[in-house]
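For reference, the structure discussed in these notes is given below.
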Amino acid sequence: MKVAVIIARFILGLGFVVFGANILHPFLPMPPIPESTPLAQFMAVMSPHHWMTLVGLFEFFGGLFVLLGRTAPIGLTLLGPVLVNILAFHILLMGGAGIAPGLVFSVLELFLIYSYRDYFTPIFTISAMPKE
């Protein structure tokens with residue numbers, strides 16, 4: 001099980017470090033976005049306001065924290081909302097096209113959350129009380 005966790009951390013962490021870095025400083029080629037499509041409208045809103053820069057930072061640092069191991073729970077916490085948005089983007093804007101990497105990363109995320117479940121258990125309580 002330890003080997004599976006290390007492999008999952010490596011794949012998920014490295015994937016998000018690379019793609020997060022690509023958002024911050026593009027080095028991978030992107031296909032052109034067709035004009036007058038929901039995708040073009042989405043990018044027209046997100047790009048000029050640096051929203052994607054924020055997403056890139058979450059991806060990069062979340063991936064880095066997952067790679068480091070001891071900080072994996074905070075990395076998984078940062079990457080969870082990013083993965084929800086990746087899946088929503090591909091389902092709602094792309095009609096399911098290109099969803100495979102998002103599904104693979106989501107499965108890795110869920111596997112790692114399960115592997116680090118002792119660190120996430122307190123979040124799922126129904127009797128939380130603040131410290132006095």
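Tabulated values for the structure
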{"read-out": "Leading residue by the ranking (nearest to Gly13 (Cα to Cα)) among those in segment 109-132 that are open to solvent by 100 Å² or more (accessible area, probe 1.4 Å) and either in a loop (DSSP other than H, G, I, E, B) or of a type in the set (D, E, K, R) (or both)", "value": "Arg117"}
{"read-out": "Long-range neighbours under 6 Å by Cβ, at least six apart or interchain, first residue under 15 Å from Phe16 (Cβ atoms) within segment 81-94, second among the hydroxyl-bearing types (Ser, Thr, Tyr) and open to solvent by less than 40 Å² (accessible area, probe 1.4 Å)", "value": "Leu83/Ser106"}
{"read-out": "Segment 16-36 residues that are in contact (Cβ under 8 Å) with a residue 12 or more places away in the chain, paired with ones that are exposed (fewer than 12 other Cβ atoms within 10 Å of the Cβ) and not in a helix (DSSP H, G or I) (beta carbon under 7 Å, 6 or more apart)", "value": "Asn22/Leu28"}
{"read-out": "Residue list for segment 37-64, filter: free of Cβ contacts under 8 Å to residues at least 40 places away in the same chain and among the aromatic types (Phe, Trp, Tyr)", "value": "Trp51, Phe58"}
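For (1) of a type in the set (S, T, N, Q); (2) touching a Phe, Trp or Tyr at 6+ places or on another chain (Cβ under 8 Å); (3) at pLDDT 95 or above, each residue gets a yes or a no:
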| position | (1), (2), (3) |
| --- | --- |
| Gly20 | no, yes, yes |
| Trp51 | no, no, no |
| Val66 | no, yes, yes |
| Gly75 | no, yes, yes |
| Leu87 | no, no, yes |
| Leu93 | no, yes, no |
| Ser106 | yes, no, yes |
| Leu110 | no, no, yes |
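The values are calculated or read from the model by the stated rules, or taken from the named source; none is laboratory data. The structure presented is a predicted model; accordingly, all values stated were derived computationally and were not measured. Every residue, glycine among them, receives a Cβ derived from its backbone with ideal geometry; neighbour counts consider all protein chains shown. Ligands, DNA and RNA are stripped out before the accessible areas are found, and what is left, the full protein with its side chains, is counted by its heavy atoms. Shrake-Rupley method; radii C 1.70, N 1.55, O 1.52, S 1.80 Å.
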